[in-house]
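Data first, discussion second: the structure below is written as structure tokens.
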Amino acid sequence: MDDAYDLRGLIFSLVEKVIPPILEGTFLEESTGQITFGLATFAVVNIVFLMLFFSQFAILWIERKAVARMNDRRGATTALRSLWVGENGVTAGEWWNMLPFGLGKPVGAVNKWLNKKFGNRDEKYPTVDRVNNRSWMGYSIFPGFFQNVADGMKFLLKEHMVPQRADKLIFEVSPFLIVSSTLLILGLIPLSSGIYATNPELSILYAIAIFGIAPIGVFFAGWSSNNKYTLIGGIRSAAQLTAYEIPLLLTLLSVAVLSGTFNIVESVHFQHSAGSWNLFLMPLGAGLFLITMIAEVERVPFDMPEAEAELVEGWWTEYGGMRFGMLFMAEYIRTYAACFLFTHFFLGGWHLPFQGLIGSIPIIGDLYLLIPGAIVVLIKAWLVFLLVFVWARFSLARIRTDQILEFGWRILLPLAVFQLILSAIYRLYLFDPSAMSDSTFGGTSWDAFGILFLIPAITTAIWLGIFFLMLNDEDKSGNTERMFHVYTDKAAGTYVPGQE
Amino acid sequence: MSQAKSEVKNMPMHPHAKPNFRNLFWYPFKITLITALRTFPIFGRIFGKRLSGGYHNTTHPEFLDDNSATRAASSKLYNDISQQEFAPDRVTSDLFPTLWKPQTVQYPYERLEDMEPWLFVPGNYNGRIGVIWETCTACKLCVSACPNDCLHMTTELRVDVLDGADGEHSGMGAELEVGGHAAKLIPEVAESLDEFNLVTAHTDTPDQWRFAEVLDLSGDTATVRWNDSGQEQEVEAAELYVADDQIVSGRIDLGRCMFCGLCMEACGFTSFFMTNEYDGMSGFNRQDLWFDASRTRVLPSVHQEAVDSELAKRANKERDKRAKKAARAAKESA
């Protein structure tokens, strides 16, 4: 079902109203159609790109804060605030006096007012007052969100250095290769059916093709830096990305088979008009997609290519300053893109949870459908990032290279093939094309024996059952005694050192 | 051999150490989830109560000896552990002894001493430098002992409390003289000094003295010119204390200090201390770390014994000197 907010249509109709009268009578009159299309597309592309790019700050912030919580900390709390909240209203000097264009006085006045209003005045945290540059407000209002801006400013001010014996041309080119191919992915990601930059027929294939360019840049970067760490990182990256690209492609193929299209927007529409999000039809595929995506964006536990403990920073060790920042940003954009792709392929894109059921209720349903699709997509993508990428990153340990490759080739690849077969079976034998509908309620293609949504329900139940079976898969009979002290083979509490 | 092998095979394993799906995959997720939830006070309270071994967020009569209780009461504002929100208990296993324990103290939002009042910064911890300037004699032993050159000595106008000592040592100090300096106590400020906490105040210690130059002495009254206003005034000589413009003052560059404590060891007059305070020593620029006399000041009342013994020592010295002088004068007149 189309999202109620059609930004693309709005901009196109506006431009089509404004431009033709201007061009009338000029020599450009004949190409009015192309110019209109070009201008409107330019506007839409920019808006969509800016929306995607700046909403990316949220995931950086989510990661910092969630990770801090998982580590029993609070994370960034005071970035940039230290400029205006110091101890007892004393900030880091009167820095605003250095501002140009006479901005010093007004900015200073605002700053002083902020200090007066929000400075350290709370007696609840005397220790916070006692340590400079902190604030008890630091963890209660929007803490640390602008830390990334501060980091970016720092990166911009750093020197650009090229190793003396590096392959200079390739060294300079590969970050551009990585960053530009990464930014191109954003162009294919719809925020809703009415907010997207471009929508080619085979956008799934196109997105994956672009996703596959960056590994070349990674290998170039690792090779051209003329450094053993970058080289090892680059080679590991090449091996890993190749190994995981294939199950990823097979998983996407099974999504395409299930939804009968290679187009992202259409596959989202399919999930509504067929009656079930793909997550509930192919939980295995969703898991495969997430695992392979984590490996593709080189995040923990698959971050062998940039294993800090052994390879400094892996293949980007030699990049400093803003190039380092750009590479880091590219990595996060790839992760963000992966979140969006998961949202679109498995979580029904801009469709709200139970949109068909709730949307059919008279007044409440109408209000429910007023929630903008772009917001839904963003929230889903952020949740995927938080609940999968961040949580996995800070729970699991890094996996050895050989284990990564073995896992990829010998477990994920057969499972992906299995999922592909399953999808084909689902589509051929369990799917009822005649029950598809683009109405508010959506279709009922996945019903069986007259029971609504029976097939996704049973599929999900089976896979959850397998998950819980695996959780409890241990030999309980081997462990009838009480717990044992790890350093001895004596039962806990009975071991006294020096007394055997 | 085979028996040893089978023993190894049958060696009991910690249930958390088995490399199965639950322990390798699910259990880490569970631990991080609970840890993350616990950092929010509301979840912390719930999980802390459910899983705690009764350590944090509980009162500890068995830990609180008299000294700790006194200390906790003296800063009740932030030592009330029933008000602590964070770091609830975590269960732990022998395999992951650190994983579930509260490792992080959210300083400065919480302090270890606040969470666990039976702990304290040890007295021999070398923290912020503190000087009882009143007993300092400007011998500069500390300056020459400092390996980092972070101590600097200057002189300033100040009252030497030893000169104006009451009780058994009175009259053993210097006396008011014309052309010299005098000071008058400002009682309000002197009273507020007891409440004054250098660590939390972030300001200089207020001066309880008003300084003046002595213009004329006539019996019980003295004509003085106040240094702050420049006005001349006639005051009771008994109200005036002797002030000395040659009394030493120091500035300590804490940015250079490595807290070795050699200055404290060099001091022959028990005026130089390394306090055990560890915070309040930060600033936005290097100059903020130049601690002048008032920021390193330790009030004499904090170390009253040391001050008293120093007082007695000097009074006895002065007494001996006067006795010798009197003996010599008697001898000469004889």
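What follows is calculated from the coordinates using simple rules that are stated; it is not laboratory data. Computed from a predicted model, the values in this text were never measured in an experiment. Every residue, glycine among them, receives a Cβ derived from its backbone with ideal geometry; neighbour counts consider all protein chains shown.
For A:Arg427, B:Arg328, A:Arg393, A:Arg236, the sequence from fewest to most other C-beta atoms within 10 Å is B:Arg328, A:Arg427, A:Arg393, A:Arg236.
Taking amide H as placed 1.01 Å from N in the peptide plane, A:Asp303 has its amide H under 5 Å from the amide H of A:Ile399, each at least 5 places away in sequence or on another chain. For the range A:224-381, the share of alpha carbon pairs falling in successive 10 Å distance bins from zero is 10, 31, 26, 19, 10, 3, 0 percent. Going by neighbour counts of Cβ atoms within 10 Å, the residues A:Phe340, A:Phe280, A:Phe354 line up, fewest first, as A:Phe354, A:Phe280, A:Phe340. Among the listed pairs B:Lys140/B:Lys317; A:Lys65/A:Lys380; A:Lys65/A:Lys154; A:Lys65/A:Lys228, those with a Cα-Cα distance over 23 Å are A:Lys65/A:Lys228. Per residue of peptide B:269-280, the mean number of Cβ atoms on other chains within 10 Å of the residue Cβ is 1.
Modelled spin-label separation between B:Ala327 and A:Asp432, with each label point placed 7 Å from Cα along the Cα-to-Cβ direction: 12.4 nm. Taking 7 Å steps out from each Cα toward its Cβ at A:Phe37 and B:Asp66 produces label points 9.3 nm apart.
So, R0 is 45 Å and r is the distance between the beta-carbons of B:Met153 and B:Glu188; what FRET efficiency does that work out to, to 0.05? The calculated FRET efficiency here is 0.90. Here, the range B:221-334 has an Rg and a Dmax of 20.8, 69 Å when only alpha carbons are counted. Remark: mean inter-chain Cβ contacts per residue of A:396-402 equal 1, using a 10 Å Cβ-Cβ cutoff to other protein chain atoms. Sorting A:Tyr426, B:Tyr278, A:Tyr336 by the number of Cβ atoms found within 10 Å of their own Cβ, with the fewest placed first, yields B:Tyr278, A:Tyr426, A:Tyr336. Taking amide H as placed 1.01 Å from N in the peptide plane, the amide H of B:Arg297 sits under 5 Å from that of B:Val131, each at least 5 places away or on another chain.
Translational diffusion coefficient of the range A:131-275 at 37 °C, 0.692 mPa s, Stokes-Einstein with Kirkwood Rh over Cα pairs, in µm²/s as a whole number. Translational diffusion coefficient: 174 µm²/s. Over the range A:168-443, the fraction of Cα-Cα pairs per 5 Å bin, rounded to whole percents and listed from the shortest bin up, is 1, 6, 12, 16, 18, 16, 12, 8, 5, 3, 2, 1, 0, 0.
For the range B:129-328, the dipole from Cβ point charges (+1 on Lys and Arg, -1 on Asp and Glu) about the Cα centre works out to 1060 debye, to the nearest 20. The label-point distance for B:Asn126 and A:Leu469, in a model that sets each label 7 Å from Cα toward Cβ, rounds to 6.6 nm. Per residue of A:66-74, other chain Cβ atoms within 10 Å of the residue Cβ number 6 on average. Each residue of the range A:160-172 was assigned a 3J(HN,Hα) from its phi angle through the Karplus curve 6.51 cos²θ - 1.76 cosθ + 1.60 (θ = phi - 60°); the sequence is 8, 10, 10, x, 4, 9, 6, 7, 5, 4, 5, 4, 7 Hz, with glycine and proline shown as x.
Amide H to amide H, with H built 1.01 Å from N, A:Gly349 comes under 5 Å of A:His344, counting only residues 5 or more places away or on other chains.
In sequence order, the range A:456-473 has phi-based couplings of x, 4, 5, 4, 4, 4, 4, 5, 5, x, 4, 4, 6, 4, 5, 4, 9, 7 Hz under the Karplus curve 6.51 cos²θ - 1.76 cosθ + 1.60, θ = phi - 60°, and Gly or Pro positions carry x. Applying the Karplus relation 6.51 cos²θ - 1.76 cosθ + 1.60 with θ = phi - 60° to the range A:432-448 yields 3J(HN,Hα) values of 10, x, 5, 8, 5, 8, 9, 6, 4, 6, x, x, 10, 5, 9, 7, 9 Hz, where x marks Gly and Pro.
Under conditions of 25 °C and 0.890 mPa s, chain A yields 93 µm² s⁻¹ as its translational diffusion coefficient, taking Rh as the Kirkwood radius over Cα pairs in the Stokes-Einstein equation.
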